[in-house]
Amino acid sequence: MRNFDCTIVGASCVGGMTAKAFAAKGLDVALLEEHSQPGKFNKCTALVSRSGLEKSGVDFRPTVLKEIHGAVIHGPRVSFSVTTKKPVAFVLDRQAFDEKCVAEAQKQGVELFLDSRAESLSKHDGNWNLSAGGNDFHSKVVVGCDGLSSFVAREGGFPAFPHFVSAWEAEFSYAQAPADKVHVFLDQALAQGFFAWTVPVDETTARVGLATINPSALNAGKSRLLQKLGLSDSNKKGREFNYSIPLFPREQTQKDTLLLVGDAAGQVKSTTGGGIAFGGYCGLKAADAVENYFKGNALDYEERWRGAFAKTFQLHWLLHSHLFSLPNYALDMALGFAKLSGVPFLLENFGDMDFIFRNRA
Ligand SMILES: Cc1cc2nc3c(=O)[nH]c(=O)nc-3n(C[C@H](O)[C@H](O)[C@H](O)COP(=O)(O)OP(=O)(O)OC[C@H]3O[C@@H](n4cnc5c(N)ncnc54)[C@H](O)[C@@H]3O)c2cc1C
């Protein structure tokens, strides 16, 4: 039996950032990972806002592959471009970033347990007992940073995700222009209910993918996307995967001293499927709440993160539900109207990848 203040399940980026923040508060933390290595093994585009990375406190610079200076938004026939002077986001080597987050947590004093799949969870006399990798972990607080199929959410009986999309991505030899922008394709024939993308990794490589609310349309969308881009399997460099993305937070992310953070909680922007920045932000909120709890106060993680970010998640959902359900002709009309009414200028000058409008943090 090992005793800790907190047991965190899942050593990917959010688990690493959360564990580091807990340890920085002086808490004794066990971080459990089911694999023999931390991380999500690159199953992610890993495009993260500059502000999100800077606020994370992680030394992310060594993991940056590409600086991004805007986006080209394509409808079926209409498109517009947004250009920023400073890099607005970075494309990361995701596995290196995950490992960095976890290494920084260890440096802060977190004890990492690899090959430790959380298998059972029970509560006795106010303490959690979690079995993983042949060890028993005893702690006051358990945090699930264990992603989409969260063990902690399942064992804790948390409500299911209200919405998610199915995604496919691979890396291709693809020299896109401009080479410092993300291309987003809104087209119901490619990606029903969501969008497709190309994200540059270097001058000759791009991450090409799509996500859809209709899993059975994924393969047809993939063929159409490759055809549209003039690509075939022979251009594929690898890194191919299918995965799902939760699009909105669960109705409940805290039960007593069981907390969910990151994808496990569904703390994801429903306009992009991006969860790294908000997972990190919510990990910091969890650390504040748990520090306060160990001082003898009520554990108010749910109130803290919802107080800070619930409106932002709702705003993303509002945009998602209005834009991504439009039929193709209406998508073109909406993009045409946006272009004429100065939306590119507004995005360039006042937009924020995470909070939609700047200075809303
Ligand atoms: C196609 C695609 C593209 C994406 N692109 C972006 C993007 O560009 N930008 C962005 O911000 N986000 C993106 N995302 C989302 C992003 O990948 C997630 O939001 C992010 O990985 C969440 O991190 P996490 O640490 O919460 O969960 P995960 O990265 O899923 O990590 C969960 C960890 O828990 C471990 N684990 C699970 N169960 C157990 C258990 N029982 N015991 C022990 N360990 C366990 C896993 O092994 C893993 O290490 C994308 C997702 C997909 C699918």
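Nothing in this text is a laboratory measurement; each read-out follows from the coordinates by a stated rule. What you see is a predicted model; the values in this text were computed from it and never measured. With ideal geometry, Cβ positions are generated from the backbone for all residues, glycine too; neighbour counts draw on all protein chains shown.
Key figures for this structure:
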item: Ranked Val82, Val141, Val48, criterion: other C-beta atoms within 10 Å, fewest first; result: Val82, Val141, Val48
item: Links that overshoot a 30 Å alpha carbon limit, given the list Lys222/Lys269; Lys40/Lys236; Lys43/Lys339; result: Lys43/Lys339
item: The stretch 4-59: GluC sites (Glu not before Pro) falling in loop per DSSP and having at most 13 other Cβ within 10 Å; result: none
item: Order of Leu299, Leu210 under a 10 Å beta carbon neighbour criterion, fewest first; result: Leu299, Leu210
item: Environment charge of Leu186, counting only residues whose C-beta is closer than 14 Å and scoring Lys/Arg +1, Asp/Glu -1; result: +2
item: Rounded to 10°, Cα long-axis angle of helix 328-340 versus longest principal axis of the chain; result: 90 degrees
item: Interchain or long-range residues, amide H under 5 Å from Phe195's placed H; result: Ala211
item: Angle between the chain longest axis and helix 94-107 axis [Cα atoms, degrees, rounded to 10]; result: 30 degrees
item: For the stretch 48-53, Karplus couplings with θ = phi - 60° (6.51, -1.76, 1.60), whole Hz, Gly/Pro x; result: 10, 4, 4, 5, x, 5
item: In Hz, Karplus ³J(HN,Hα) per residue of the stretch 269-278 (6.51, -1.76, 1.60; θ = phi - 60°; x = Gly, Pro); result: 7, 6, 7, 10, x, x, x, 6, 5, 6
item: Cα point-scatterer Debye curve for the stretch 223-293, base-10 log of I(q)/I(0) at q = 0.17, 0.25, 0.27 Å⁻¹; result: -0.73, -1.09, -1.17
item: Rounded if a/c under 1.5, otherwise prolate or oblate - the chain, Cα gyration tensor axes; result: prolate
item: Rounded tilt (10° steps) of 301-323 against the dominant C-alpha axis of the chain; result: 20 degrees
item: Estimated dipole of the stretch 279-342 in Debye, rounded to 20 [Cβ of Lys and Arg +1, of Asp and Glu -1, Cα centre]; result: 120 debye
item: Three-way shape call for the stretch 110-160 based on the alpha-carbon gyration tensor, with the a/c threshold at 1.5; result: oblate
item: In Å, descending, principal axis extents of the Cα set of the stretch 1-124; result: 61, 29, 24
item: Environment charge at Ala46 (Cβ cut-off 11 Å; Lys +1, Arg +1, Asp -1, Glu -1); result: +3
item: Rounded to whole Hz, the Karplus (6.51, -1.76, 1.60) HN-Hα couplings of the stretch 27-36, x for glycine and proline; result: 8, 8, 10, 9, 10, 9, 10, 6, 8, 7
item: Projected label distance in nm at Ala175 and Ser149, using a 7 Å step from Cα toward the beta-carbon; result: 4.1 nm
item: Kirkwood hydrodynamic radius over Cα pairs of the stretch 142-189, then Stokes diffusion coefficient at 20 °C and 1.002 mPa s, in µm²/s; result: 142 µm²/s
item: Kirkwood-Stokes translational diffusion coefficient of the stretch 120-203, alpha-carbon pairs, 10 °C, 1.306 mPa s, µm²/s; result: 92 µm²/s
item: Scattering curve values for the stretch 263-361, log₁₀ I(q)/I(0), Debye with Cα scatterers, q = 0.20, 0.22, 0.24 Å⁻¹; result: -1.04, -1.17, -1.27
item: Loop-resident sites, the stretch 1-98, for trypsin sites (Lys or Arg not before Pro), counting at most 15 other Cβ within 10 Å (DSSP); result: Arg77, Lys85
item: Under-5 Å amide H pairs with Arg2, H placed in peptide plane, nonlocal only; result: Asp136, Phe137, His138
item: Exposure proxy ranking, count of Cβ atoms within 10 Å, fewest first, for Phe324, Phe22; result: Phe324, Phe22
item: Surrounding net charge for Ser139, when Lys and Arg each add one and Asp and Glu each subtract one, Cβ distance under 10 Å; result: 0
